[in-house]
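Working notes for the structure below.
The values are calculated or read from the model by the stated rules, or taken from the named source; none is laboratory data. The model shown is predicted, which means the values in this text are computed figures rather than measured ones. Note that each Cβ is placed from the backbone with ideal geometry, even for glycine, and that neighbours are counted across all protein chains shown. The protein model used for the area step is the full one, side chains on, heavy atoms only, and it has no ligands, DNA or RNA in it. Shrake-Rupley method; radii C 1.70, N 1.55, O 1.52, S 1.80 Å.
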Amino acid sequence: MAPRRRARPARRVLAVGLALAACLGAISATASAAEPDDAGSAANSAAGLERYHHQRLDWRSCVLGPDDTVGHDLERGGARCADVTVPLDYTDPRGRTITVAISRIRASDTRHRIGTMLTNPGGPGGSGLDLTPGLRTAMKEVGARYDLIGMDPRFVGRSTALDCGWPIGTNLFSAGLSRASFDRQVALQKDLADRCRASNGAVLPYITTRNTARDMDVVRAALGERRVSYFGYSYGTYLGTVYTQMFPGRVDRVVLDGALDPRRYGPRVLRGSEGENDRALSDWAAWTALRDDTYHLGRTRAEVLATVTRVQEASARDPLVVGTAPEVFRLDDSRVGLVLLMDNADDTDAARAAFADEMATLARAAAGQPAPLSPEFAGKLRMFLTAATGPTGVQTAILCGDVAAPRDPEVYWRDIEAARVAHPLYGPFTNNIVPCAFWDAPREEPVRVRRDVPMLIVAADGDPRTPYTGSVALRALVPSSRLLTLRGANRHAVYGLYGNSCVDDRVNDYLATGRLPKTDRTCVK
C-alpha cells in the first residue's frame, strides 16, 4: 500500500511504491451464474445489466498523442484499448454511467489459449492500463496463451476521472514528533476531505472496491467470457479477494502477490507494518554503512540510524530546505516521514542506493548546507507534495468508501503515542489521522471471506508494505489456496519484478497448468 504513483506499472508495481490483478464463452445476461455476494445483494446479479454485458467494444490504438509514453508502450507490446461503459450505481443500472478504460494483448498461441486474465497493480487507485506488457514478459511462454487485460479502475487514469483539487498529491504523511505537528495534520486531513466532498460529493459513495469488482465482471461479460483469471499486486490482492467472494463461479486461476489480510484492510491499512519497516530500515542502514565514503551517513548500522533520527528531529525544529530555484521544497517532520517510507520496500542495490542518496540530501539540509536534488528525488517530491502530476484524491476516496475510520482525532493521537514508544520513526506515520475521519460513512459493508476459492498467494517474508502476516492470514481464510514464500527479502511485489526465478517459475507453472502445489512452497532470496 502506498501513495499513488504515476510511474508505469508494467515495469514496477504501484506499491510504494502502499502499493498496489480463463474463460469459456458468452453468458446470458439473465443467467444465474453470478452468485450473490456475502450480503445477498441483488446488485451482483445480472438483472438490469444486459446492455452493459452485451455492449460492443470499440478496440483502437492506445496512443493518444505523440507524447503519450503509456500508449506507445502499450502499442509496442501489441495492445489495443477500449472503453467499457458501466453504471455509476449498480442499484440503479438505468441511471448515470461512467467508463472504464481497458487494454488487451491478445493470446498469440491461439491453439493452446487458456483464457482471459484481468490484472491490477495496486494502490488503491493505481493505473493498470499498461501493466500487461511487463506481465506478458514475466509469464514467458505461458503469456502467449492468455488474453491479458489491463484496466484503469473507475475514476482512475483514462477511466472517468476524479480530481479532488488537492494542492498536494497524497494525504499520506507522518504525524511528526509533537502534538502541534499532529494538530496540523488534523487540519490538513480535514481540509482534504472537505475539498473532495465539495468537488465530487455526488460520486464519492460509488468509488469503492466492491464497485470496481462489479466493473470487472461487466468487463468479463463484455469480452464474452464465462470465467476469467486474475493477477493482482498489493491492494490488487484485496480487489482480487473481493472479486472471488462476490463472483466465485466466474474465476479460473488467481495469483495474489503481496497479499492483504482482508479483515485488516481499511483507511489505516499500514497499521501493523511498523516492525517490518523498522527491520527493512535497519537492513538498509547496514548496507549504507558499508558505503560511507559515498553517502557519509555513518560507518556502522547504528550510526546511520542515528543520522536518520537527527534528520527527523532537525525537520521538526525547522523544515528542511531542499532543491534549487525555481523548484524548492520545505520538508517538516511529517514530510520527512513520507521520505522514510517511499523507498523502504525494495532491498535491491539500486533501490538502496537511491534511498541513501535521498537521505544524504536531507542530512546536508539538516546541517544547513545546500541540498540540490537528483532528478529522481525531485520527481518524487513533486509527485507527492504538489498537484503537478495529475488528478488527486482517488486513493483516499477508495479507502474511505470501503471501510469506515475512527472519527475522533484523539483515537489517532493515543495510537500514535503508544506506537511511538517502540517505533519512533514509523509509528507516527502508520497511525496518523486520515481524511476518512471526516468522510461520509460507506454505503456497504466490507466483503467477508466465506468462500473457499483456490488461489496462489505470493509473498516475501520481509515485505514492509503488506506484511507477510497478511498473506499467512489470507491463506488460512482460504483453505484450498497455497502460499509461495520468498525468504529473506525486504521486498514488496515479487513476481516478474524481483528477478527470483524460483518464484517466477512456480507461478508460471500454475498459470500454465491450473494446478496448485500440493503444499505451501518456499523460495530463497
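Brief remarks on what is shown
- Share of alpha-carbon pairs per 5 Å distance bin for the stretch 459-498, given as whole %: 6, 27, 30, 22, 12, 3
- Average accessible surface area per residue within the chain, 1.4 Å rolling probe, Å²: 37 Å²
- For residue 520, residues with placed amide H under 5 Å, excluding near neighbours: 483
- Here r is the Cβ-Cβ distance between residue 69 and residue 47 and R0 is 30 Å; the resulting FRET efficiency, rounded to 0.05, is 0.10.
- Pairwise centroid distance, computed over Cα atoms, of the stretch 79-99 with the stretch 388-437, Å: 31 Å
- Model label sites at residue 369 and residue 389, defined 7 Å from Cα along the beta-carbon direction, differ in position by 2.7 nm.
- Spatially close lysines, pair count over the chain: Cα under 30 Å, gap of eight or more or interchain: 4
- In this structure the amide hydrogen of residue 97, modeled in the peptide plane, comes within under 5 Å of the amide hydrogens of 88, none closer than 5 places in sequence on its chain.
- Gain upon complete extension [residue 440, residue 111; 0.36 nm per residue less C-alpha separation]: 113.3 nm
- Ligands, DNA and RNA excluded, the heavy atoms of residue 54 present near 120 Å² of accessible surface to a 1.4 Å solvent probe.
- Helix-derived mean residue ellipticity, 222 nm - over the chain, DSSP H n ≥ 4, -39500 (n - 2.57), to 500: -11000 deg cm²/dmol
- Kirkwood Rh and Cα Rg combined as Rg/Rh, the stretch 367-525: 1.04
- Using θ = phi - 60° and Karplus 6.51 cos²θ - 1.76 cosθ + 1.60, couplings along the stretch 480-496 (whole Hz; Gly, Pro as x): 7, 6, 10, 10, 10, 9, 9, 8, x, 10, 8, 9, 10, 6, 10, 4, x
- When the solvent-accessible area of the stretch 356-422 is split by element, carbon and sulfur atoms take up 59 percent of it, the probe being 1.4 Å.
- C-alpha center-to-center spacing [the stretch 294-350, the stretch 460-525] in angstrom: 32 Å
- Here the scattering of the chain is modelled by Debye summation over its C-alpha atoms, one equal scatterer each and no solvent; at q = 0.06, 0.10, 0.11, 0.12 Å⁻¹ the log10 of I(q)/I(0) is -0.26, -0.75, -0.92, -1.09.
- Cα gyration tensor, the stretch 279-411 - rounded (a/c under 1.5), prolate or oblate: prolate
- Sequence of 220, 271, 96 from largest to smallest accessible area, 1.4 Å probe: 96, 271, 220
- 11 Å beta-carbon shell around residue 98, net charge (K/R +1, D/E -1): -1
- Gain on full extension, evaluated as 0.36 nm per residue between residue 61 and residue 187 minus their Cα-Cα distance, stands at 40.9 nm.
- Karplus-derived 3J(HN,Hα) values for the stretch 298-310, using 6.51 cos²θ - 1.76 cosθ + 1.60 with θ = phi - 60°, are x, 9, 10, 3, 5, 5, 5, 5, 5, 4, 4, 4, 5 Hz; glycine and proline are entered as x.
- Length gained when the stretch residue 502-residue 302 is fully extended (0.36 nm per residue, less Cα-Cα span): 68.6 nm
- Here the label points at residue 522 and residue 291, each 7 Å from Cα along the C-beta direction, are separated by 3.0 nm in the simple model.
- Prolate/oblate/rounded call for the stretch 165-258, Cα gyration tensor, a/c under 1.5 rounded: prolate
- Contact order relative to length of the stretch 427-525, as percent, for alpha carbon pairs under 8 angstrom and 6 or more apart: 27 percent
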